[in-house]
Amino acid sequence: MLTGLLDNRRFRSWAGQIVLLGGFAALILWLVTNTIENLDARGIKVGFDFLQRQANFPISESVLPYNPSDSFLWAYITGLGNTIFISLIAIFFSTLLGLIVGLARRSRHPLTAYLSGVFVTTARNMPLIVHLLFWYALATTMLPAPRQAYNPLPGVYLSLRGLYLPSVGFNGSGLAILLATTVVCLLAYLLWNRLRDRVYRAGLGRPVAAALIVLILSAVYIVVRTTGEVSTPEMRGFNFAGGFRLSSEFTALMVGLVIYTSAFIGEIIRGGIDAISAGQWEAGRAVGLSERHVLTKIVMPQALRIIIPPMTSQYLSTIKNTTLALAVGYPELGLVVGTVINQTGQALESIGILLAVFLTLSIAVSLFMNWYNAHVALVEAR
Amino acid sequence: MTVVQANSFTTISTTAAPPKRRRRSFVTLLFGDLTASCLTVLTGFLLLSFVPALNWAIIDATWVTTDPSTCRQGGACWAFILAKFRFIIFGTYPPDEQWRPLLVMALMLLMVLASLSPRLWGMKLLCAWGAVITAMLLLMWGGVMGLSPVPSSAWGGLPVTLLLALLSLGLGFPFAVMLALGRRSILPVPRLLAILTIELVRGLPLVGLLFVASILLPLLLPAGWSIDKLARTLAALTVFAAAYLAEVIRGGLQGVSPGQAEAAKALGIPSWKIIWHIVLPQALQKVIPPLTNTTIVMVKNTSLVLIVGVFDMLSAGRVAATDPQWPAPYVESYIFVAGIYFLICFGISNYSRWLESCVQARSYR
């Protein structure tokens with residue numbers, strides 16, 4: 001009877017699964033009871049009440065307004081804001097640089113191809129954290145003091161204190177005008193999109209496009225000139241006044257992250273373009289398209305479908321990689337979590353928040369990229 | 001007019017050989033047209049901008065010095081690397097005992113060289129690796145055969161980096177195989193558990209896992225258990241490696257045609273034997289080149305342990321540069337450490353390319 005039961009396939013598979021599930025549940029239960037005992041022994045109270053208390057620690061720079069009298073909850077949100085901010089900027093610039101690197105590596109120009117190959121090999125074979133620490137060390141020990149700051153472009157200063165850029169401030173009415181100009185420009189762009197084909201067919205494409213660009217640029221210039229207050233950094237006393245400051249931490253983080261990520265993105269883009277058969281290029285040339293048009297109108301749209309899946313995982317790992325910013329002291333979520341644990345001892349909740357936030361971000365990005373992937377695939381179906 | 005056309009027509013038809021490939025001279029490649037010239041000038045400027053850096057690193061650099069404080073006069077202070085070489089490589093390991101980590105690294109190099117050729121792979125090599133790893137750990141720890149004991153808190157530098165990479169991959173691999181098999185299983189419970197584990201770990205940054213290991217693990221285990229920091233970090237790296245390896249192995253499992261398992265089933269072979277002797281060997285063969293990529297990732301990721309205060313090579317380089325006798329040569333220190341990482345990773349990636357060419361030429365064994 002019993003051996004008969006053991007020979008039964010379905011019984012065996014179900015029994016095995018139940019044992020597995022039971023073992024997993026027992027493991028979780030064991031960990032939970034241990035934790036409860038440990039917390040009791042150390043007198044730590046678990047709960048999210050501490051989030052409402054005053055944080056009392058500074059955050060050196062943030063996108064969202066923050067001061068030490070804000071709550072722990074707001075400190076976390078500020079850290080998250082910084083994480084999202086640096087992720088977006090790093091992804092934007094590394095995609096741009098990666099595109100250049102990827103195209104340069106396929107170039108027939110020997111110097112360009114070789115240089116880009118050296119860049120990719122060097123950047124990819126070193127850990128990101130070494131990149132970050134190197135650039136941070138460069139920014140904090142090798143740059144000159146503010147008085148002898150490098151001045152590569154008018155109004156741009158690079159020194160031990162960080163990178164200073166000119167900024168534009170707007171007062172109340174200026175802001176309204178700026179907003180109105182933006183809306184007008186957007187409408188003009190939409191209209192242009194509608195009429196573009198007709199204009200090109202009439203043979204007026206280039207002059208009209210050039211005129212539009214000149215018009216928009218002069219509109220922006222006039223608006224900034226009349227209503228904005230351009231502030232350029234100036235040496236006053238021991239430091240710069242005015243302008244817009246990017247801290248050494250932020251600058252080093254961005255340079256390191258963008259260089260590292262763009263090497264990977266460059267390889268993804270190169271791989272995608274390489275996967276498109278040479279016949280596509282040749283057919284495009286035979287039809288009389290320029291090299292640029294073959295790339296942008298024929299090869300790139302097809303390569304994009306190959307590029308998107310690996311690009312998704314690259315973007316995701318870039319977001320996860322921003323946690324390394326805590327090595328150079330840029331206050332993103334990881335650093336805030338570390339500080340809060342030091343201050344309150346609420347390790348369980350803080351790490352829980354960190355993990356939950358990153359899981360959510362990961363899922364959100366992969367959902368968005370899946371949607372985008374489907375969107376691109378749809379074009380093929382037409 | 002018509003004669004000329006007829007003539008040219010016959011000329012074309014008789015010389016129908018493929019057009020000669022135009023050999024471009026170097027000058028045409030660099031200055032052939034407007035785009036090429038622009039690119040040449042642009043890259044030229046880019047290369048020129050490296051001249052000051054080279055100047056700093058070579059011509060103005062100080063290679064030997066007697067007075068550390070005057071080391072950096074407009075150039076790099078490589079004398080610092082020479083002076084701190086032992087510290088960066090071996091960390092705080094007792095100086096008189098540093099032959100032990102040196103021997104460990106030599107053993108590791110020997111084993112890696114011995115395992116390079118796919119022809120030697122097999123059960124024997126695997127057992128040899130197991131024995132060597134045990135010997136390496138014993139050498140590091142001491143306390144046997146008259147070796148003085150060295151606690152893991154005193155270990156440091158390159159051996160820690162290499163051991164963490166090797167052990168996390170080695171320990172993670174069996175878990176990875178189980179997770180990959182679980183994810184491909186037709187039974188719901190193992191499949192869901194495997195998916196949950198893999199996606200959870202892959203969705204988290206490694207820094208988060210290291211936080212869990214270094215801060216939460218002591219809370220999760222019974223009060224009496226104390227695991228040292230190095231082991232906790234290793235646990236986090238192992239879990240991380242297992243999840244990433246599992247996805248690679250899953251790719252290999254998907255590449256084995258289902259006919260293989262079906263044929264074995266038809267012959268009445270028990271299912272565990274089908275997996276162990278038929279499916280897994282073929283799947284693992286397929287994924288060896290991508291596995292080397294995961295190896296590179298893990299070697300680079302061991303540097304993150306700096307964040308939780310484990311003394312690997314990068315931490316040693318950072319601590320060495322804090323010596324007040326020297327003019328804060330962080331940049332030189334990081335360049336040196338980066339160079340070592342580069343050599344390791346570049347070596348592995350070239351090896352992977354060579355393996356891939358082997359795959360294209362013939363299958364293993």
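The values are calculated or read from the model by the stated rules, or taken from the named source; none is laboratory data. This structure is a prediction, so every number in the text was calculated from the model and none was measured. In this analysis, Cβ positions are derived from the backbone assuming ideal geometry, glycine residues included, and neighbour counts consider all displayed protein chains. All accessible areas refer to the heavy atoms of the entire protein, side chains included, with ligands and DNA or RNA removed. Shrake-Rupley method; radii C 1.70, N 1.55, O 1.52, S 1.80 Å.
Any chance you could tell me what percent of the C-alpha pair distances in the protein assembly as shown go past 52 Å? If you can, show how the numbers build up before the last one.
Details: 62853 of 278631 pairs.
The share of Cα pairs beyond 52 Å in the protein assembly as shown comes to 23 percent.
How charged is the neighbourhood of B:ALA316? Take every other residue with its Cβ under 11 Å from the Cβ of B:ALA316, and add Lys/Arg as +1 and Asp/Glu as -1.
My count for the surroundings of B:ALA316 gives +2.
Inside 10 Å of the C-beta atoms of B:44-50, what's the mean count of C-beta atoms belonging to other chains?
1
Under the rule of at least 5 residues apart or a separate chain, name every residue whose amide H is placed under 5 Å from the amide H of A:PHE240.
none
Select from A:ASN151, A:VAL294, B:LEU137 the residue farthest towards the positive end of the dipole of the protein assembly as shown; place +1 on Cβ of Lys and Arg, -1 on Cβ of Asp and Glu, and compute about the Cα centre.
A:VAL294
Averaged across A:317-324, how many Cβ atoms of other chains sit within 10 Å of each residue's Cβ atom? Walk me through the intermediate numbers first.
Numbers: counts 4, 0, 1, 7, 4, 2, 9, 7.
Mean shielding count: 4.
Once every DSSP H run of n ≥ 4 in chain A is given -39500 (n - 2.57) and the sum is divided by its residues, what mean residue ellipticity at 222 nm do you get, rounded to the nearest 500 deg cm²/dmol? Walk me through the numbers before you get to the answer.
Numbers: 12 runs with 258 residues, N = 382.
The per-residue figure over chain A is -23500 deg cm²/dmol.
Between B:LEU138 and A:LYS45, what's the calculated FRET efficiency when r is the beta-carbon distance and R0 is 41 Å? Round to 0.05. Walk me through the numbers on the way to the answer.
On the way: r = 44 Å, r/R0 = 1.08.
Once the sixth-power term is evaluated, E becomes 0.40.
How long is region A:1-160 along each principal axis, judged by its Cα atoms, biggest number first, in Å?
89, 56, 25
Kindly sort B:CYS77, A:CYS185 by accessible area of their heavy atoms, largest first, with the probe set to 1.4 Å. List each step's numbers first, then the result.
Details: B:CYS77 0, A:CYS185 35 Å².
Of B:CYS77, A:CYS185, the descending order of accessible area is A:CYS185, B:CYS77.
Two decimals, Cα atoms only, Kirkwood Rh: what is Rg/Rh over chain A? Don't jump to the answer; show the numbers that get you there.
Values: Rg = 27.6 Å, Rh = 26.0 Å.
For chain A, the value is 1.06.
Kirkwood Rh and Cα-based Rg: tell me the resulting Rg over Rh for region A:285-332, rounded to two decimals. Mind showing how you got there, number by number?
Details: Rg = 18.3 Å, Rh = 13.6 Å.
Rounded to two decimals, Rg over Rh is 1.35.
Say a paramagnetic label sat at a point 7 Å from the Cα of A:VAL220, along Cα to Cβ; which residues of region A:229-269 have their backbone N under 17 Å from it?
Taking a point 7 Å out along Cα→Cβ of A:VAL220, the residues of region A:229-269 whose backbone N falls under 17 Å are A:229-231.
If you average 1/r over all unlike Cα pairs in region B:202-336 and invert the result, what Kirkwood radius do you get in angstrom?
On the way: mean 1/r = 0.0545 Å⁻¹.
Answer for region B:202-336: a Kirkwood hydrodynamic radius of 18.3 Å.
Restricting attention to the alpha-carbon atoms of region A:113-247, what are Rg (one decimal) and Dmax (integer), both in Å?
22.0, 61
Would you mind checking which residues have amide H under 5 Å from A:VAL230's amide H? H placed 1.01 Å from N; only 5 or more apart, or other chain.
A:GLY169
If you wrap a convex hull around the alpha carbons of region B:95-149, what volume per residue comes out, as a whole number of Å³? Write out the running numbers ahead of the final one.
Values: hull volume 3.4 nm³, N = 55.
Here the figure is 61 Å³ per residue.
Which whole-number percent is the relative contact order of chain B (Cα, under 8 Å, 6+ apart)?
Details: 357 pairs, mean separation 68.7, N = 365.
That works out to 19 percent.
Normalised by the number of residues in region B:253-355, what is the relative contact order in percent for Cα pairs under 8 Å and 6+ residues apart?
Once divided by the residue count of region B:253-355, the mean separation gives 24 percent.
In debye to the nearest 20, how big a dipole does the protein assembly as shown give about its Cα centre with +1 on each Lys and Arg Cβ and -1 on each Asp and Glu Cβ?
Values: 53 positive and 30 negative charges, 528 e Å.
Computed about the Cα centre, the dipole is about 2540 debye.
If you wrap a convex hull around the Cα atoms of chain B, how much volume per residue is inside, in Å³?
On the way: hull volume 99.7 nm³, N = 365.
For chain B, the hull spanned by Cα atoms encloses 273 Å³ per residue.
Given the protein assembly as shown, what count of lysine pairs have C-alpha atoms under 20 Å apart, with each pair 8 or more places apart or on different chains? Walk me through the numbers before you get to the answer.
Numbers: A:LYS320/B:LYS300; B:LYS229/B:LYS300; B:LYS265/B:LYS273; B:LYS273/B:LYS286.
Number of lysine pairs found: 4.
Among A:LEU246, A:TYR372, A:SER350, pick out the residue whose Cα is farthest towards the positive end of the charge dipole of region A:238-382, where Lys and Arg carry +1 and Asp and Glu carry -1 on C-beta, about the Cα centre.
My answer, from the dipole projection, is A:TYR372.
Compare the Cα positions of A:ASN125, A:LEU21, A:VAL184 along the charge dipole of chain A (+1 at Cβ of Lys, Arg; -1 at Cβ of Asp, Glu; about the Cα centre) and return the one farthest towards the positive end.
A:VAL184
Do any chymotrypsin sites (Phe, Trp or Tyr not before Pro) in region B:259-365 lie in a loop, going by DSSP, with at most 16 other beta-carbon atoms within 10 Å of their beta carbon, and if so which? Present the calculation step by step, with values, prior to reporting the outcome.
On the way: sites: B:TRP272, B:TRP276, B:PHE311, B:TYR330, B:TYR334, B:PHE336, B:TYR341, B:PHE342, B:PHE346, B:TYR351, B:TRP354, B:TYR364; in loops: B:PHE311, B:TYR364.
Answer by residue number: B:TYR364.
Summing Lys, Arg as +1 and Asp, Glu as -1, what charge do residues with Cβ under 15 Å from the Cβ of A:PRO166 carry, A:PRO166 excluded?
Working: positive: A:ARG225, A:ARG245; negative: A:GLU229, A:GLU234.
Residues near A:PRO166 contribute 0 overall.
Per-residue mean of other chain beta-carbon atoms within 10 angstrom of the beta-carbon, peptide A:112-123? Don't skip to the answer; put the middle values down first.
Values: counts 7, 2, 1, 4, 1, 0, 0, 1, 0, 4, 3, 1.
The per-residue average across the peptide is 2.
Please list, in order along region B:174-179, the HN-Hα scalar couplings obtained from phi with the Karplus expression 6.51 cos²θ - 1.76 cosθ + 1.60 (θ = phi - 60°), rounded to whole Hz, x for Gly and Pro.
Along region B:174-179, the couplings run x, 4, 4, 4, 4, 5 Hz.
Within region A:185-215, find all residues whose amide N lies under 15 Å from a label point positioned 7 Å from the Cα of A:LYS297 along Cα-to-beta-carbon.
A:196-206
Where the eigenvalues come from the Cα gyration tensor of region A:169-231, what are the semi-axes √(5λ) of the equivalent ellipsoid, largest first, in whole Å?
On the way: eigenvalues 174, 31, 5 Å².
Calculated on Cα positions only, the semi-axes equal 29, 12, 5 Å.
Based on Cβ point charges of +1 for Lys and Arg and -1 for Asp and Glu, what charge dipole magnitude is obtained for chain A about its Cα centre, in debye rounded to the nearest 20?
Values: 27 positive and 17 negative charges, 266 e Å.
Dipole magnitude for chain A comes out near 1280 debye.
Calculate the spin-label point distance for B:ARG119 paired with A:MET142, positioning each point 7 Å from the Cα along the beta-carbon direction, and give it in nanometres.
Here the modelled spin labels are 4.7 nm apart.
In percent, what relative contact order does region A:169-231 have, based on Cα pairs under 8 Å that are 6 or more apart in sequence? Walk me through the intermediate numbers first.
Working: 23 pairs, mean separation 42.3, N = 63.
Relative contact order, region A:169-231: 67 percent.
What FRET efficiency comes out for A:LEU73 versus A:ASN193 if R0 is 51 angstrom and r is the Cβ-Cβ distance? Round to the nearest 0.05. Could the numbers behind the result be given before it?
Numbers: r = 43 Å, r/R0 = 0.85.
It comes to 0.75.
Could you give the nm distance between label points at B:LEU48 and B:ALA266, where each point is 7 Å from its Cα heading toward the beta carbon?
Spacing of the two 7 Å Cα→Cβ label points: 7.3 nm.
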